[in-house]
Amino acid sequence: MGYILLSFFLWHRYDRALWNLPALFYSPVRNPQNMVLCVIAALVLYGIVLLYLFISNRGYIVRTSHFNKRQWVAFFFLMLFIFAGSLIYTGSYWTMHDMGNVRFDQIVYIMSQPLRGTDPAQIRKFIVDPLFSAICFTSISIVIVYSLATRQFSLKKNKPIKKKKILSPVFLLLGVLMFSSGLSLGIREIGYADVKAYYFEDTEIYDNNYVDPADVDLQFPKEKRNLVYIFLESMESSYADKSIGGNEDENLIPNLTDFALNEGTQFSNAGPGEIGGMMQIPGANQTASSMVSQTSGAPLRASNGVLDVNNYGMEEPGSFFPGAYSLGEVLEEENYNQMLFMGSQAEFAGRKAYFQQHGNYDIRDYHWAQEQELIPEDYYEWWGYEDEKLFDFAKDSLTEIADEDEPFNFTMLTADTHYEDGYATDETPDLFGDQYSNVIHDSDEKIKEFIDWMKTQPFYEDTTVVLVGDHLTMDSDFFEDIDPNYQRTVYNVFLNTGKNEVNNNNRLFSALDMYPSTLSALDVQIPGDRLGLGVDLFSGEQTLMEQMGYEAFDEEMTKRSDYYDEYLMQGSDYDIERRNADE
């Protein structure tokens, strides 16, 4: 049994399928360390069992009592406390170590969302790792506690021992201690500072700096430009080679590098001739929150950290981030046709609700592809369907929206470069001996081909293209050997803007600054050069991050804000729920 349990714990780290049942009963010969450890564990546990049987058969372990009803209730709560505490710790450890690039605000937001649209592989990994670990620890603990509670060592055979009368309070005290220990260890893994700032520290950055976009008199040009905005999953500038500011020995994104350094305008934390990008901040560090931040100028967080009444995942009009006034709403007022195109399920993490309620986008996602019979009804790959199909399908939809008389906003999201290791097909070239590197490079090729296709279309001359990553990769082992002094950044480039003489090097900025910068790239005049917490990067004005410094700005964005809850969320989730109940 010990051999099986330890095999399971070690086996899941070698990226084998969850349903590979034989792996539960033998150690792969290609992993000798795993085999040796499992054999040792089996021998040690076998020896313990033999010792227990030897002592028990000679009467040195005596069963002293059976649980009464009250003790069984206390024992049940002990099991719950141990399981909850161990799951908090194992879940926190798994999130911070196996996923990587995770902050507490992101954990709270994801926990507040329904599981619809989640990649099944991530659910399986959660079951295999933290959940199974917590179940095993709880089971072992309960067996030990039960044995100690109902048996005692005795040096004299058959010596009568009085029945214990303090088991119930001992069980409850032990349960509270185990839960508290798990909670404390879990918070330590996440970071005490983040948790403390999120729940107990206030910021006035919104009170002092937030500019409501709804109150700004935006001036559009007479001939309005179209917008193609492509969110590139986990796309970092770090994927370029070291000679031009990246972190790789070989350039994994040669085409995106060429766009950034030679063709378009990239905003970069690096100097001239080097690739760089934007800094990641809390509230814009996963796909949904970054999409919202880049199009609203405000971060996305679960208000007050409340999980059970969070309105973000609902689709009623006005319930998702009701105080924000987004890029979609600005363009809708200017009669733009708008479309959100993705191969995953749009409802995941509230993306569908946000884009429908803030701009009335036509949502074309995995479900739409099924309805249009572009993919079979039972087809499901990766997060829905892969990017190879996404780019092909996008050409038809982009052509369709471009054929309308009104200007358009075509927003798209890729997915193949999502962690872990990305999605590779049989056609993905193996150029680097590493799947994630191969997938990143293949995505770079697909993007180049799509941009080249757009350049041949009649709409391109009047179209601005924005290519931008959503966040840093969460593939924890891809950068495990990175220089700790290297600053990873999120990729961005603006194509076909006509902007010249731009201060785009040695900049400190975040996803929040993409909102006014995108409108500026469409030749929209922005009085004051600011929207939300963002600053128009084309204007040359300092961003809030540049004024405060990256670390100070990052810290402020971690803290809670009454302004955020009252004016952007328009009340905490609890207040919204209570107000709706009163009505």
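The values are calculated or read from the model by the stated rules, or taken from the named source; none is laboratory data. This is a predicted model, so every value here is computed, not measured. Note that we place each Cβ from the backbone using ideal geometry, even for glycine, and neighbour counts take in every protein chain shown. Just the protein is used for accessible areas: all its heavy atoms, side chains included, with ligands, DNA and RNA removed. Shrake-Rupley method; radii C 1.70, N 1.55, O 1.52, S 1.80 Å.
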Problem set entry | Cross-chain or 6+ apart pairs with Cβ under 8 Å, segment 379-406 first and under 17 Å from PHE459 (Cβ atoms), then open to solvent by 30 Å² or more (accessible area, probe 1.4 Å) and of a type in the set (A, V, I, L, M, F, W, C) | LYS395/TRP453
Exercise. Given the conditions (1) open to solvent by less than 30 Å² (accessible area, probe 1.4 Å); (2) among the basic types (Lys, Arg); (3) without any contact (Cβ under 8 Å) to a residue 60 or more places away in the chain, which single one is not true for LYS446?
Worked result: (1)
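Is one or more of the residues making up segment 136-143 open to solvent by less than 30 Å² (accessible area, probe 1.4 Å), under 30 Å from TYR515 (Cβ atoms), part of a helix (DSSP H, G or I) and at pLDDT 75 or above?
no
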For this session: Hey, can you tell me all the residues within segment 290-304 that are modelled with pLDDT under 90 and open to solvent by less than 10 Å² (accessible area, probe 1.4 Å)?
Result: LEU300, ALA302, SER303
For this session: Kindly indicate whether any position in segment 499-520 is outside any loop (DSSP other than H, G, I, E, B), closer than 28 Å to SER443 by Cβ, among the β-branched types (Val, Ile, Thr) and in contact (Cβ under 8 Å) with a residue 24 or more places away in the chain.
Result: yes
Problem set entry | segment 325-340, subset among the hydroxyl-bearing types (Ser, Thr, Tyr) and open to solvent by 10 Å² or more (accessible area, probe 1.4 Å), residue farthest from THR399 (Cα to Cα) | TYR325
Exercise. Within the bounds of segment 245-256, is there any residue that is modelled with pLDDT of 95 or more and in a strand (DSSP E or B)?
Worked result: no
Exercise. Identify, please: which residue in segment 227-267 is free of Cβ contacts under 8 Å to residues at least 60 places away in the same chain and of a type in the set (Asp, Glu) and is, among those, least open to solvent (accessible area, probe 1.4 Å)?
Worked result: ASP241
Problem set entry | Residue ID - farthest from the chain's Cα centre (by Cα), chosen from residues in segment 375-434 that are assigned to a strand (DSSP E or B) and at negative phi | PHE408
Exercise. Are any residues in segment 341-374 open to solvent by less than 10 Å² (accessible area, probe 1.4 Å) and in a helix (DSSP H, G or I), and if so, which ones?
Worked result: ALA349, GLY350, ALA353, TYR354, PHE355, ALA369
